[in-house]
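Rule-based calculations on the coordinates, nothing more; no lab input. On a predicted model such as this, the values are computed, not experimentally measured, just so you know. With ideal geometry, Cβ positions are generated from the backbone for all residues, glycine too; neighbour counts draw on all protein chains shown.
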Amino acid sequence: MAQYDLDLDQLDVKIAFFHGDLDKVIFMTQLVEFKAAEKENLVCKLKKSLCGLKQLLRQWYKHFDSFMRVKEYTRSKYDPCIYYDKLSGGEYIYLLLYVDDMLMLPRVDHLLIG
């Protein structure tokens with residue numbers, strides 16, 4: 001970044017993991033703190049991803065990926081966490097995703113990653 005005097009913005013998605021939809025039906029036992037009186041034997045059917053699920057990170061990535069594709073960003077063929085778009089003036093914008101952190105390179109005048 002410093003070598004080419006490029007701007008870099010950093011973003012953190014605070015509620016990233018609340019956006020994951022589930023592909024499968026998942027049931028879980030009631031949490032001890034929230035057990036309903038006289039319904040202790042019932043289970044909960046999850047409607048969204050929940051912290052602690054093995055699928056949590058995958059569901060967040062799938063949600064993010066579908067959003068970026070709707071916005072017509074291209075996903076790098078070399079790294080699935082790099083997205084880019086060519087702007088009308090011939091410049092590019094890059095977005096690099098790492099879990100729920102993002103780096104954004106706005107207005108780069110050449111394609112760095114294909």
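If each residue's Cβ is checked for other Cβ atoms within 10 Å, how do Asp5, Asp101, Asp65 rank with the fewest at the top?
Arranged by neighbour count, lowest to highest, Asp5, Asp101, Asp65 become Asp5, Asp101, Asp65.
Thr74 to Asp100: extension gain in nm, 0.36 nm per residue of separation minus the Cα-Cα distance?
Contour length minus the Cα-Cα distance gives 7.5 nm.
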